[in-house]
Amino acid sequence: MLPINVLALALLAPGAISTPLQPGRRQTSLSSFIQSESSVALQGVLDNIGANGSKVSGASSGIVVASPSKVNPDYFYTWTRDGALTLKALIDAFIAGDSSLESTIQEYIDAQAQLQAVSNPSGDLSDGSGLGEPKFEVNITAFTGDWGRPQRDGPALRATALIAYGNHLVSAGETSTVKSNIWPIVQNDLNYVAQYWNQTGFDLWEEIEGSSFFTIAAQHRALVEGSAFASSLDESCTGCDSQAPQLLCFLQDFWNGTAVISNLANDGRSGLDANSLISTIQAFDPEAACDDTTFQPCSERALSNHKLVVDSFRSLYSINSGKSAGSAVAIGRYAEDTYQGGNPWYLATLAAAEQLYDALYQWDKQGSLSIGQTSLPFFQALDSSTATGNYSSSSSTYSSLTSAVKTYADGFVSIVQQYTPSNGSLAEQFTRDDGTPTSAGDLTWSYAAFLTAGDRRSGTVPSSWGSSTANEVPSQCSGSSASGSYSTPSVGSW
Ligand SMILES: *[C@@H]1O[C@H](CO)[C@@H](O)[C@H](O)[C@H]1NC(C)=O
Ligand SMILES: *[C@@H]1O[C@H](CO)[C@@H](O)[C@H](O)[C@H]1NC(C)=O
Ligand SMILES: *[C@@H]1O[C@H](CO)[C@@H](O)[C@H](O)[C@H]1NC(C)=O
Ligand SMILES: *[C@@H]1O[C@H](CO)[C@@H](O)[C@H](O)[C@H]1NC(C)=O
Ligand SMILES: *[C@@H]1O[C@H](CO)[C@@H](O)[C@H](O)[C@H]1NC(C)=O
Ligand SMILES: *[C@@H]1O[C@H](CO)[C@@H](O)[C@H](O)[C@H]1NC(C)=O
């Protein structure tokens, strides 16, 4: 059934969408896939978290293993980034009502309290440098082999995850638990960001040493919400307040007028990279307007970039052949990629969908959709008759365009559906030639990406991170740093 549906999508040539599509079999079938696959994905995440996860025997309590795969590739480690993104998804699901996840969340936090104190090849906790270590052994000891280190996104992402749970506990009146079990970990991570953001590091794909858009975007967000979190605990984060505007300032440097250049480094690449799609979903704030400065999913910049990134994969992979502009395709990390075959990734294809679900949420919330010259090509690929303007949600143009965006977003998830094996397992990649799952199997981040994309599609969104208080770019950027202090967190009792 699916190939026919995908064919139907491919036939939606630009201009063909003049009236809203009626929900039909394709939608029903995609929805039921999302429902069943979300259960597989949640179990897939839990199976990869120690000590009880069924696929990661040997991992300590609360340790998120990247994948059970131990050879070609060996991912049997815990990465700060993957773990934090995964736990943010679980914490949001917990807050949305799945109370069964709370002990996993608490075990994760306890494991982070231990990990922060582990001296490692990036350094140690005395000056914070050890917090930039990208990965550890699953028994909470240092990984001492060669690696692309440091990676400065990890502390920011972990702070964002812990703040989400901390805010929830504060509103439930459990401030003292937050102060003893969460704040000391978050404080170290925020101080790390404020101190080291203006130094180079490796990107989220662990290949490029330079400045990564994803890292700066994640760090900006963490400092903004970190400041408010500190205040809610009668604590302070002076480095958050002094550095956040400078991070926002630097973030603008990655924009070239039509796209995000994902790494500022001498890397010989075009700059178009799923890094930027994952950044916009990390920056998503359900209370925000379509701000360009923070690259909100519905911003003109993020939409223009979405089109250029997606189009960079359109003619790259055989499995994308015949899919014209405005129809979804399989997405990889970046066009020049050769790692493990340089194939499409499930989490990158899902990020392309998730950005658009986020944008639909934002337009719906503000009751209008505004199109200027920057985002016009994105919309014209969906409907060639689109003109610039501000369309109120009561207009037919708004209905037809948002419906086209929804169909387009669903197209990316349909591609994931097409290349997901019948048991629902999600590897890291699927081959560019025929879509066979490849590289590490049961990738935790693939499952987490499925969960968040499914939630955004159904309108379940995380809390605001306060972006509207932090979207004004200083008139002049300056390189800076705030030195912070670090202390060993204790493992709390809950
Ligand atoms: C893991 O198993 C132990 C021992 O049965 C239990 O105490 C703990 O709550 C479990 N953790 C999770 C997250 O279920
Ligand atoms: C932790 O795991 C590493 C890698 O498997 C192993 O070399 C080391 O001996 C373990 N350390 C402890 C304390 O168990
Ligand atoms: C921005 O960068 C992208 C990717 O390298 C390129 O395709 C595009 O033409 C650039 N835009 C401008 C205005 O330079
Ligand atoms: C679009 O119109 C709405 C409703 O009139 C208004 O609130 C909004 O500010 C306008 N947006 C832009 C970008 O002009
Ligand atoms: C699920 O299917 C994939 C692809 O056929 C396979 O590699 C994997 O081992 C299966 N997983 C389980 C738990 O059966
Ligand atoms: C430090 O910040 C300045 C000002 O934004 C910027 O020009 C420079 O590239 C940054 N360097 C690094 C390594 O972040």
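Just the C-alpha atoms of segment 80-130: what Rg/Rh do they give, with Rh taken as the Kirkwood radius?
Details: Rg = 13.4 Å, Rh = 12.1 Å.
Radius of gyration over Kirkwood radius for segment 80-130 works out to 1.11.
Using the structure shown, select from Lys323/Lys406; Lys135/Lys179; Lys55/Lys179; Lys323/Lys365 the pairs with a Cα to Cα distance greater than 25 angstrom.
Correct reply: Lys135/Lys179; Lys55/Lys179; Lys323/Lys365.
Could you give each residue of segment 484-494 its phi-based ³J(HN,Hα) in whole Hz, using Karplus coefficients 6.51, -1.76, 1.60 with θ = phi - 60°, and x for Gly or Pro?
Karplus values, whole Hz, x for Gly and Pro: x, 10, 9, 9, 5, x, 9, 6, x, 10, 9.
Show log10 I(q)/I(0) for segment 185-228 at q = 0.15, 0.25 Å⁻¹, two decimals, from a solvent-free Debye sum over equal Cα scatterers.
Taking Cα atoms of segment 185-228 as identical point scatterers yields -0.37, -0.89.
State to the nearest 20 debye the size of the charge dipole of segment 73-222 about its Cα centre, where the only charges are +1 on K and R beta carbons and -1 on D and E beta carbons.
420
Work out from phi, with θ = phi - 60° and the Karplus expression 6.51 cos²θ - 1.76 cosθ + 1.60, the ³J(HN,Hα) of each residue of segment 281-290, listed in order in whole Hz, and give x for Gly and Pro.
6, 5, 7, 4, 10, x, 8, 7, 7, 7
Would you please give the residues with an amide H less than 5 Å from that of Tyr75, counting only those at least 5 places away or on a separate chain, with H modeled from the backbone geometry?
Ser69, Lys70
Per the Kirkwood definition applied to all pairs of different Cα atoms, how many angstroms is the hydrodynamic radius of the chain?
It is 22.5 Å.
Computed over the Cα atoms, what is the radius of gyration of segment 332-417 divided by 2.2 N^0.38 Å, N being its residue count? Mind dumping the intermediate values first?
Working: Rg = 15.0 Å, N = 86, 2.2 N^0.38 = 12.0 Å.
Normalised Cα radius of gyration, segment 332-417: 1.26.
As an exercise, take the mean of 1/r over every pair of distinct alpha carbons in segment 234-374, invert it, and state the Kirkwood radius in angstroms.
Across segment 234-374, the inverse of the average 1/r is 16.2 Å.
Arranged from highest to lowest average of other beta-carbon atoms within 10 Å per residue, in what order do the peptides 158-167, 103-112, 255-264, 475-484 appear?
Per-residue Cβ counts within 10 Å, averaged per peptide and sorted highest first, yield 158-167, 103-112, 255-264, 475-484.
How long is segment 49-195 along each principal axis, judged by its Cα atoms, biggest number first, in Å?
Extents along the principal axes, in whole Å: 45, 38, 18.
What share of all Cα pairs of segment 312-460, in percent, falls into each consecutive 10 Å distance bin?
Taking all Cα pairs of segment 312-460, the binned fractions are 11, 38, 31, 16, 3 percent.
Report, in debye and to the nearest 20, how large the dipole of the chain comes out about its Cα centre when Lys and Arg carry +1 and Asp and Glu carry -1 on their Cβ.
With Lys and Arg at +1 and Asp and Glu at -1, about 1080 debye.
Taking the Cα centre of segment 312-460 as origin, sum charge times position over the Cβ atoms of Lys and Arg (+1) and Asp and Glu (-1), and report the length of that vector in debye to the nearest 20. Write out the running numbers ahead of the final one.
Values: 8 positive and 12 negative charges, 60 e Å.
With only Lys, Arg, Asp and Glu charged at Cβ, the dipole is about 280 debye.
Can you work out ³J(HN,Hα) from phi for every residue in segment 328-336, in order, using Karplus 6.51 cos²θ - 1.76 cosθ + 1.60 and θ = phi - 60°, giving whole Hz and x for Gly and Pro?
5, 9, 6, 10, x, 7, 6, 4, 7
State the answer as a single residue: which of Gly173, Ser67, Val309 lies farthest towards the positive end of the charge dipole of the chain, with beta carbon charges of +1 for Lys and Arg and -1 for Asp and Glu, about the Cα centre.
Checking the options against the dipole of the chain, the answer is Val309.
How far, in degrees from 0 to 90, does helix 25-47 lean away from the longest principal axis of the Cα atoms of the chain, to the nearest 10?
20
Could you state the number of Å between the C-alpha centres of segment 205-265 and segment 101-139?
Between the Cα centre of segment 101-139 and that of segment 205-265, the gap is 21 Å.
If amide H atoms are built 1.01 Å from N in the plane of the peptide, which residues on other chains or at least 5 residues away come under 5 Å of the amide H of Tyr391?
Those lying under 5 Å, H to H, from Tyr391 are Leu369, Ser370, Ile371.
Using amide H atoms built in the peptide plane, which far-off residues or other-chain residues are under 5 Å from Thr438 H to H?
The answer is Glu428, Gln429, Phe430, Thr431.
Using alpha carbon centroids, what distance separates segment 351-415 and segment 285-322, in Å?
Segment 351-415 and segment 285-322 have Cα centres spaced 11 Å from each other.
Could you give the C-alpha radius of gyration of segment 213-315 expressed as a fraction of 2.2 N^0.38 Å, taking N as the number of residues it contains?
Relative to the rule-of-thumb radius for its length, segment 213-315 sits at 1.16.
Report, in degrees rounded to the nearest 10, the 0 to 90 angle that the Cα long axis of helix 213-232 makes with the longest principal axis of the chain.
Approximately 60 degrees, to the nearest ten.
With everything on Cα atoms, drop me the angle between helix 80-95 and the longest principal axis of the chain, reported from 0 to 90° to the nearest 10.
80
Evaluate E = 1/(1 + (r/R0)^6) for Thr460 and Asn390, where r is the Cβ-Cβ distance and R0 equals 35 Å; express this FRET efficiency to the nearest 0.05.
The computed FRET efficiency comes out at 0.80.
Rg (Å, one decimal) plus Dmax (Å, integer) for the alpha carbons of segment 113-204?
13.9, 45
The numbers here are math on the coordinates, done by the rules we state, and not lab data. Treat the numbers as computed from the prediction; the structure is a model and nothing was measured. Note: ideal-geometry Cβ built from the backbone for every residue, glycine included; neighbour counts use all protein chains shown.
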